[in-house]
Each structure stands twice: as structure tokens, then as C-alpha cells.
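S.K.: One structure follows; several queries about it will come next.
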Amino acid sequence: MEPSFILALFQHGYKARTSTLYHLLKGKRTSSVLLYGFIYENLRFFQLFPALSEKQFNAILDELIEQKLLHQTSDGEVQITTHGLESVKRDSRSFWWLDNYRFGKTDETIWRLLQFTVQVISNLSYSHKEYIPLEQSPLYQKRVKMYIQSMPKVRLIETVKKEWTEIFSLLPKEEADFFAQQFSGYKKIGKTSFQLMDSQDTSFNRFLSKKERLHHLLDTILAIPEDRFLKSLITQLVAQNDNKSMMETSFYLKTQLTIETLALQRNVKVSTIKDHLMELALTKDFPFERFISQKTQMCLFDISKPYQEWTYRTLKQINPELDYFEFRLYQIQKLRQEREASQ
């Protein structure tokens, strides 16, 4: 891992706990870690480095502090310096499409499935059966077979060809070429991703670049109409990145059950349901008004921004009856509104 990457995670400019950032990069799925990622716009890096050791992470932080790119405050938090911000701005690589929270658990599996599908349909279009399949696992074999049988052969071949043409037209040419050259098919063997990347770049940057391009591709596929073949092929695998229990809670949002009743029906703690709701509020369409009382809204309405600097402990000293769950939802709602307005 390169120190410049860690430095960029502090470019939000606010004081932040380094231990929570470490848990975010490792993939610890707790409400406090996910909230941290959302508040400081680092949620997309969730579980990007599951093998990262705390010793390695702290060594990088110490190096950045020693170089005066980061400053450690008296309460143990860390904040980027002016010198640090200038350093981040000089690095043009931002990896904006990278979203490991949304895709990281299954991105490679999905890409292998897409490659295998192209290989199978390419050979099918030439009625060629004597080839070595890219994948032998039932995970891929059964899924591809099921979708291939979903429509007549001629229509299937034309549909997949048309959809890939559409998807590649929505990507920058460089990215479209990057993926197209990895496809294998009839009398064609695709290249590996690393064969197509700049050998002069570091392995770390190649790793991030590959991730970003793949996540951009997946985002593009998911943005096409619901009835598309390729979208239906990957949707279920993308959904596996979500917390399964959280998504069960999401289903109940369509009802008007109270949190307490929902917890009873699901046989889980009320605090677990609240954690699920907070995570849903980070990225999904969410009925904030249903869970934030008028009393909490009035309590927080006149508190000055930025919302990133709000702390429950401080505000509760001013308003002892302030509810933590409602406070967090209000903070999330305001940050989402602010970010959507700036887009």
C-alpha cells in the first residue's frame, strides 16, 4: 500500500479517528465503521484491504505525520495539513468509480461470469463445441446454462452482441478496449488485465485501476433497463454485497410496523434493527421522516454546519433527551441532501 493513498483518505479535512478508518479498510461491518465511511466519503473503500495489518497501517500514518502531511491532535485524532492537501492535489489519480462497498465482495466473480458468457455465446454462434471452457465450476456453468436456455439461440446471440455494443458505447474508449481485449471466444484467446495495463505503474496502482474500471463497468450495466440480458445475469451476484439480514429488514420498510414490532417478528434486538436502518439510510432510498420525530428535527435545526463535525456527546449535553438513532438519521439525511444538491 502506498502512503499517498492513505493520505488521500483524509482530504475531507476534518479530524478523524484512525482506528475506525483501519477497520473500514479491513471490512469490519459495524454501524460506527460504516457511518465513518459515509460521513467522510470513504465508504467506497470498505474492505478494500482485508489483509492489512494494524502495524503496517500505523507505520504509514507515522510516516505521514513525520512528513507533516498529517497532524495528530491532542485527543489522538488525525487531520490533514495544508502541505498534505497540496500533495493530494498533485496526484491526479482519484479512482472515483471504485466502490468496494457496493461491488467488492463479488466483482471478480461477476467479471469471470461475464467473460465465460461471452466465450460460450461466441462459440455457440459458430456452432463450435470443441473448446476449453474458461470456467469448470458449477457456479458459472449452471448460471450460464440457465440463461442460455432462456431464449432461442439466434435471438440470444444477437441480444448479447447488441447489449455489449451498447454498454461499450457508454464507457470511455480506453475502458471499453480494456474489457473487450480480455474476452475469449471462437478462435480467440483474451489477454489478462495486467497484460493490458502500464507495466511502468506500481502493482498497487494497477490493482486500484483494475478495480475502478471493473466497478465502472458494473455500474454501467446496472444502469441499463431492467429487461436487459446482461443486467439480469449479474443482478443477483451484485446483491450479495449487501448485508443479508439488513435486506430482510429493508423488506419490512414497505409495512408500517414499529421498530419494536419488527424486532419481535424477526427475533432480533431493537438495536440490530436500528443498525440495519442506519446502514440502509446511507445509500438506499429511505423514509427519513418516518423515523425522525418533529422534536428531534426542532432540536437539531439550528445547529450550525458542517454536519461532519457534529458529535452526539456534545449535542446531548445541550439536549439531554436527544435520541442517538434519530440524531444519526438526521445527520445522514442532511449530508445526503447536501451532496445531492452539489452534484
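S.K.: Taking neighbour counts of Cβ atoms within 10 Å as a proxy for exposure, in what order, fewest first, do Val88, Val33 appear? Each step should come with its number before you reach the end.
M.R.: Numbers: Val88 16, Val33 21.
Going from sparsest to densest Cβ surroundings: Val88, Val33.
S.K.: Considering amide H positions built from the backbone, and no H for Pro or chain starts, which residues 5 or more places from Gly185, or on another chain, come under 5 Å of its amide H?
M.R.: Answer set, sorted by chain and number: Gly190.
S.K.: Oh, and also: Kindly put Asp198, Asp75 in sequence by how many other C-beta atoms sit within 10 Å of each C-beta, fewest to most. Please list the in-between numbers first.
M.R.: Details: Asp198 10, Asp75 7.
Arranged by neighbour count, lowest to highest, Asp198, Asp75 become Asp75, Asp198.
S.K.: Can you sort Glu166, Glu260, Glu212 so the residue with the fewest Cβ neighbours within 10 Å comes first? Intermediate values should be presented prior to the final figure.
M.R.: Values: Glu166 15, Glu260 10, Glu212 19.
Arranged by neighbour count, lowest to highest, Glu166, Glu260, Glu212 become Glu260, Glu166, Glu212.
S.K.: How many angstrom lie between the C-alpha centres of region 49-122 and region 188-265?
M.R.: Cα centroid of region 49-122 versus Cα centroid of region 188-265: 18 Å apart.
S.K.: With each pseudo-label sitting 7 Å past Cα toward Cβ, what's the Lys162-Tyr186 distance in nm, one decimal?
M.R.: 1.9
S.K.: So what are region 71-127's ellipsoid semi-axes, whole angstrom, largest first, if each one is the square root of 5 times an eigenvalue of the alpha-carbon gyration tensor? Please report the intermediate quantities before stating the final value.
M.R.: On the way: eigenvalues 426, 46, 6 Å².
Here the semi-axes work out to 46, 15, 5 Å.
S.K.: OK, next. Tell me the label-point distance for the pair Ser232, Arg290, using the 7 Å Cα-to-Cβ offset, in nm and rounded to one decimal.
M.R.: Simple spin-label model gives 2.9 nm for this pair.
S.K.: Here's a follow-up. For Lys295, go through the lysines and keep the ones whose alpha-carbon is under 21 Å away, minus same-chain ones fewer than eight residues off.
M.R.: Result set, ordered by chain and number: Lys274, Lys305, Lys316, Lys334.
S.K.: Figure the gain on full extension for Tyr14 and Ile132 (residue separation times 0.36 nm, minus the Cα-Cα span) and round it to one decimal in nm.
M.R.: Computed gain between Tyr14 and Ile132 is 37.1 nm.
S.K.: Something else now. So for region 244-342, Kirkwood radius off the Cα pairs, Stokes-Einstein at 37 °C and 0.692 mPa s: how many µm² s⁻¹?
M.R.: Working: Rh = 14.4 Å.
In µm²/s, the coefficient rounds to 228.
S.K.: For region 107-239, take the convex hull of the Cα atoms, compute a quarter of its surface area, and give me that in nm², please. Present the calculation step by step, with values, prior to reporting the outcome.
M.R.: Details: hull surface 33.4 nm².
Across all orientations, region 107-239 yields a mean hull projection of 8.4 nm².
S.K.: Do any of Lys129/Lys162; Lys26/Lys89; Lys105/Lys187; Lys89/Lys211; Lys145/Lys284; Lys161/Lys210 go past 28 Å between their Cα atoms, and which?
M.R.: On the way: Lys129/Lys162 23 Å; Lys26/Lys89 26 Å; Lys105/Lys187 32 Å; Lys89/Lys211 22 Å; Lys145/Lys284 32 Å; Lys161/Lys210 24 Å.
Those over the limit are Lys105/Lys187; Lys145/Lys284.
S.K.: Work out, step by step, the length gained on full extension between Val270 and Arg93: first 0.36 nm times the residue separation, then minus their alpha carbon distance; give nm to one decimal.
M.R.: Values: separation 177, 0.36 × 177 = 63.72 nm, distance 4.24 nm.
My answer for the length gained is 59.5 nm.
S.K.: Semi-axes of the chain's equivalent ellipsoid from the Cα gyration tensor, sqrt of 5 times each eigenvalue, largest first, rounded to whole Å?
M.R.: Working: eigenvalues 332, 158, 54 Å².
Taking √(5λ) for each eigenvalue gives 41, 28, 16 Å, largest first.
S.K.: Right, next: Would you work out which of Leu282, Phe301, Phe10 lies farthest towards the positive end of the dipole of the chain, given +1 charges on the beta-carbon of Lys and Arg and -1 on that of Asp and Glu, about the Cα centre?
M.R.: Result: Leu282.
S.K.: For Leu70, what residues show an amide H to amide H distance below 5 Å, using hydrogens built from the backbone and excluding near sequence neighbours?
M.R.: Here the answer is Ile65, Thr81, since their amide H atoms fall under 5 Å of that of Leu70.
S.K.: Can I ask one more? Counting C-alpha atoms alone, how compact is region 12-99: give Rg to one decimal and Dmax as a whole number, in angstrom.
M.R.: Final numbers for Rg and Dmax: 13.0, 35 Å.
None of the figures in this text is laboratory data; all of them are computed from the coordinates on show. Because the structure is predicted, anything quoted here is derived from the model rather than measured. No Cβ is skipped: glycine too gets one built from the backbone with ideal geometry, and neighbour counts run over all protein chains shown.
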